[in-house]
Amino acid sequence: MRFVFLILGLALVFVIGWLVSFDRKNIKYKRIGILLLLQFIISFLSLHTSGGVSTLAHISAFFNWLMDQAADGVNFVFGNIVIKPGQTVFFFNVLMPIVFIAALIGILNYIKVLPFIIKWVGWALNKVVGMGEMESYFAISTAILGMPEVFITIKDQISQLNRQRLYTICASAMSAVSASLLASYMKMIPGKFVVVAVFLNILSALIVSCIINPYDIKEEDQEITPSTDPQSEPFFQMLGNYIMDGFNIAITVGAMVIGFVALIAFLNSTLKAAIHISFTQILGYIFSPVAFIMGVPGQDVVKVGSLMATKLLTNEFVAMADLQAMKGLSAKSIAIISTYLVSFANFGSIGIITGSMKSISAKQGGYVASFTMKLLLGATLASVITATIVGVYY
């Protein structure tokens with residue numbers, strides 16, 4: 001039965017993608033097949049083999065260890081604030097460690113470890129799939145650097161890209177997540193799902209682009225040269241910049257979570273008083289058919305549907321917090337919704353991407369603004385692919 005839901009989930013993505021495709025006649029079926037095969041291999045090794053399960057456990061343990069190291073800095077600054085035993089404070093335990101993780105990423109980027117990984121993994125992906133060097137580079141780098149930072153690495157070439165290539169790189173940016181946030185996600189959902197989602201989302205975004213936005217790369221357009229040299233500024237200046245970037249991300253996320261959680265609480269209270277049903281319940285019913293097709297058991301579809309809608313309208317942190325508080329979900333439902341939530345596919349990301357593009361090129365920013373809804377739809381479909389595949393193993 002699980003494979004029936006796999007087929008249904010993938011069919012749903014294809015049908016919706018086909019309906020909104022820029023070029024239905026030239027959908028890249030071969031590339032889609034290769035990318036799906038890679039996803040099945042990665043998910044099988046990660047979730048269905050003892051070695052893969054052990055590896056994911058070690059990766060999760062490593063990120064938990066990093067969070068413990070980050071806690072020393074947080075405790076030094078906020079140590080006099082008393083927190084009840086067994087309780088966590090979102091700002092201290094989830095957001096503030098981002099500052100430390102951002103500093104680590106800056107160091108790895110400065111000593112050229114990350115550029116090396118991005119270059120050669122992107123090169124291998126391009127050789128296997130044939131998506132294009134720019135697209136493969138961006139798919140890998142965005143999963144490490146996040147947005148809007150990743151756009152800066154190709155700022156000199158953005159003005160030369162056509163609409164098709166712009167769509168693909170923006171879809172990759174929305175489907176991936178920044179490495180600086182991974183440890184924070186693991187504080188809220190099982191770490192193994194975070195790691196698997198990162199790998200699968202890279203490929204899911206490219207699959208959706210092959211349906212919605214199919215095109216071929218000319219040989220002269222293949223080359224990609226990052227615009228920034230990580231060692232172009234002194235080490236401690238770079239480190240300070242990354243630390244401040246991490247702090248700004250934490251503060252921004254905190255502000256967004258406060259605003260969105262309060263807004264949803266307001267809507268829930270208002271609708272309950274008026275029509276005796278909450279806003280999140282309404283959204284749950286709207287999204288429940290999609291949750292069911294993804295393989296979520298029938299008794300959980302409304303709850304999972306509400307989390308899917310919350311993530312789309314607000315952000316993944318708000319939805320993850322709701323998931324933490326939700327009781328009674330099956331292991332399969334937790335696996336599906338956890339992997340679904342690990343992406344930037346929400347309305348807020350549209351503003352970040354459009355603003356980033358406009359700051360680099362007003363013309364290209366205008367192009368991106370013209371297909372924002374297709375961009376959000378594509379990134380959401382990519383999350384559906386990832387979650388559907390993970391659901392097969394539970």
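The values are calculated or read from the model by the stated rules, or taken from the named source; none is laboratory data. All of these numbers come straight from a predicted model, not from anything done at the bench. Don't worry about glycine lacking a Cβ; one is built from the backbone with ideal geometry, like all the others, and counts go over all protein chains shown. Ligands, DNA and RNA are excluded from the accessible area calculation, which covers all protein heavy atoms including side chains. Shrake-Rupley method; radii C 1.70, N 1.55, O 1.52, S 1.80 Å.
How many angstrom lie between the C-alpha centres of segment 1-68 and segment 257-273?
Cα centres, segment 1-68 to segment 257-273: 34 Å.
How much of the accessible area of segment 1-87, in percent, comes from carbon and sulfur atoms when a 1.4 Å probe is used?
Working: 4010 of 5850 Å².
Answer for segment 1-87: carbon and sulfur cover 69 percent of the accessible area.
Could you check the spin-label model distance between ALA325 and GLN237? Points 7 Å from the Cα along Cα→Cβ, value in nm.
Roughly 4.6 nm, to one decimal.
Provide the FRET efficiency to the nearest 0.05 for the ASN162-PHE116 pair, computing r from the beta carbons and using R0 = 30 Å. Before the final figure, lay out each step's value.
Values: r = 29 Å, r/R0 = 0.97.
The calculated FRET efficiency here is 0.55.
Do you know the relative contact order of the chain, to the nearest whole percent, from alpha carbon pairs under 8 angstrom that are 6+ apart? Don't skip to the answer; put the middle values down first.
Values: 560 pairs, mean separation 101.8, N = 394.
Relative CO of the chain lands at 26 percent.
Work out the charge dipole of segment 48-202 with +1 on the Cβ of Lys and Arg and -1 on the Cβ of Asp and Glu about the Cα centre, then indicate which of LEU114, VAL195, SER184 is farthest towards its positive end.
Of the candidates, VAL195 comes out farthest on the positive side.
Of the cross-linked pairs LYS30/LYS127; LYS119/LYS192; LYS28/LYS311, which ones have a Cα-Cα span greater than 18 Å in the structure shown? Let's see the in-between values first.
Values: LYS30/LYS127 14 Å; LYS119/LYS192 25 Å; LYS28/LYS311 30 Å.
Correct reply: LYS119/LYS192; LYS28/LYS311.
Local charge sum around LEU203 (other residues, Cβ-Cβ under 15 Å, Lys/Arg +1, Asp/Glu -1)?
Working: positive: LYS28, LYS30, ARG31, LYS127; negative: GLU135.
Cβ neighbours under 15 Å give a net charge of +3.
Could you give each residue of segment 333-347 its phi-based ³J(HN,Hα) in whole Hz, using Karplus coefficients 6.51, -1.76, 1.60 with θ = phi - 60°, and x for Gly or Pro?
Result, rounded to whole Hz: 5, 5, 4, 5, 6, 4, 5, 4, 6, 7, 6, 9, 6, 8, 5.
What size of dipole, in debye to the nearest 20, comes out for the chain about its Cα centre when the only charges are +1 on Lys and Arg C-beta atoms and -1 on Asp and Glu C-beta atoms?
Result for the chain is approximately 980 debye, rounded to the nearest 20.
Take ALA273 and ALA61, extend 7 Å from each Cα along the Cα→Cβ direction, and tell me the distance between the two endpoints in nm.
5.2 nm
Say the dipole of the chain comes from +1 at the beta carbon of Lys and Arg and -1 at that of Asp and Glu; which of VAL128, ALA309, VAL53 then lies farthest toward its positive end?
ALA309
Arranged from highest to lowest average of other beta-carbon atoms within 10 Å per residue, in what order do the peptides 249-262, 313-326, 332-345 appear? Could the numbers behind the result be given before it?
Numbers: 249-262: 15.9, 313-326: 19.6, 332-345: 26.4.
In descending order of packing, they fall as 332-345, 313-326, 249-262.
If packing is taken as the average number of other Cβ atoms within 10 Å across a peptide's residues, how do 169-181, 287-299 rank, most packed first?
Numbers: 169-181: 27.3, 287-299: 20.2.
Descending packing order for the listed peptides: 169-181, 287-299.
Which parts of segment 278-299 would a label at VAL4 reach, counting a residue when its backbone N lies under 19 Å from a point 7 Å out along Cα-to-Cβ?
Counting only backbone N, you get 289-299.
Per residue, how many Å² of accessible area does the chain show with a 1.4 Å probe?
Working: 17670 Å² over 394 residues.
Computed with neighbouring chains in place, this is 45 Å² per residue.
Suppose every Lys and Arg Cβ carries +1 and every Asp and Glu Cβ carries -1, with no other charges. What dipole size does segment 178-330 come out with about its Cα centre, to the nearest 20 debye?
Working: 7 positive and 11 negative charges, 231 e Å.
Roughly 1100 debye, rounded to the nearest 20.
Charges only on Cβ, +1 for Lys and Arg, -1 for Asp and Glu: so what's the dipole of segment 21-137 about the Cα centre, in debye to the nearest 20?
Numbers: 9 positive and 5 negative charges, 121 e Å.
In debye, rounded to 20, segment 21-137 gives about 580.
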